[in-house]
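A short write-up of the structure that comes next.
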Amino acid sequence: MNQPKRPKWVSALGLFLAGAFIVGAALVTSEPFKDNMAFAAVAEQVERSEAQAPSNGAGDDVPPSAAGTDSSATVTDTSMRVAQADTGDADGEAASEPAEQPPTDPVATEEAEAQEAAESELAAEEAEDKCCKKGDKTPPFELIAKTPPGELHNPYDWQELKEEHKDNPDYLVKQFRLPGCNECHGGGGGGGFCPALSQGVWFWGNTDDVLFRLIALGSAELQKQGFTRYQYGTVKAPMPEMGHVIKTSDHLWQIIAFIRSINPPGTNPPEKVIPGKYSPPVEERQAE
């Protein structure tokens, strides 16, 4: 049975539709098309958000695309700030918490405190025992016996004593005259039938230590204890022992302060130091 022939334009239309379908399918499955569709979906979501959000009066003139960009940026920025705030709070809490201290050992702490107290007590005792002190009532012989050579030091400065007793200008020379030192050395220490004490000439040295020992022990005993004379003066007589007349070390120190006061500048320590020449006696060296 003969079928009627289709018109040519029907065949052409069919071919055209088939080609369009193939081309459309290829476009739909392509990556650029997918990206555009995703972008359109995001833009639509942003527009819906803006439409639902209350107007602030300043965004009416902003284009939708710009508004959408600002909105997404605001959301992102807000999220970042929240995250930073959370992190900052955590860091602040961590920083405010004090660092853990290692546990202390009570026994070690007590031992350290006891050692420190013992050292302080020892230092106080050493300061107490150090020679010499104002007002010391120890007899000169006793102070010499317990003090090694070179360690006797005058606690008085003659200028301070003079200022302290400025209402009594003769105070120092009176200390010199009380035991009778003026009978040999003159009323003011300027010499009699024994050498003057005001010339700055020292036969045994001029330190506090050697003067204290010389006056108390006398020259003969001082030599026996290991000291050596530097020179002799015009008077060859020995220095007598005065330690039995001068009752306290404090008085003897004030006599030495007077001797300093009548000597010319530069002849006394610390300007000019002439230490006593000392070596242990033979008996001490043999004992060692």
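General remarks:
- Residue count for the stretch 119-136 under the criterion of being surrounded by 10 or more Cβ atoms within 10 Å (Cβ to Cβ) and modelled with pLDDT of 80 or more: the result is 6.
- When restricted to residues that are buried (at least 20 other Cβ atoms within 10 Å of the Cβ), in contact with a Lys or Arg (Cβ under 9 Å, 6 or more places away or on another chain) and of a type in the set (S, T, N, Q), the stretch 233-267 contains 1.
- Residue in the stretch 200-212 that is in contact with an Asp or Glu (Cβ under 7 Å, 6 or more places away or on another chain), at negative phi and either open to solvent by 40 Å² or more (accessible area, probe 1.4 Å) or in contact (Cβ under 8 Å) with a residue 60 or more places away in the chain (or both) present: yes
- Verdict on Lys174 being over 30 Å from Gln231 (Cβ atoms), of a type outside the set (Gly, Ala, Ser) and within 42 Å of the chain's Cα centre (by Cα): no
- For the stretch 181-199, the tally of residues that are more than 16 Å from Ala257 (Cα to Cα) and either open to solvent by less than 20 Å² (accessible area, probe 1.4 Å) or in contact with a strand residue (DSSP E or B) (Cβ under 7 Å, 6 or more places away or on another chain) (or both) stands at 1.
The values are calculated or read from the model by the stated rules, or taken from the named source; none is laboratory data. These numbers come from a predicted model, not from an experiment. Neighbour counts are summed over all protein chains in view; Cβ atoms, including those assigned to glycine, are modelled from backbone coordinates with ideal geometry. Areas reflect the complete protein model, heavy atoms only, side chains present, ligands, DNA and RNA absent. Shrake-Rupley method; radii C 1.70, N 1.55, O 1.52, S 1.80 Å.
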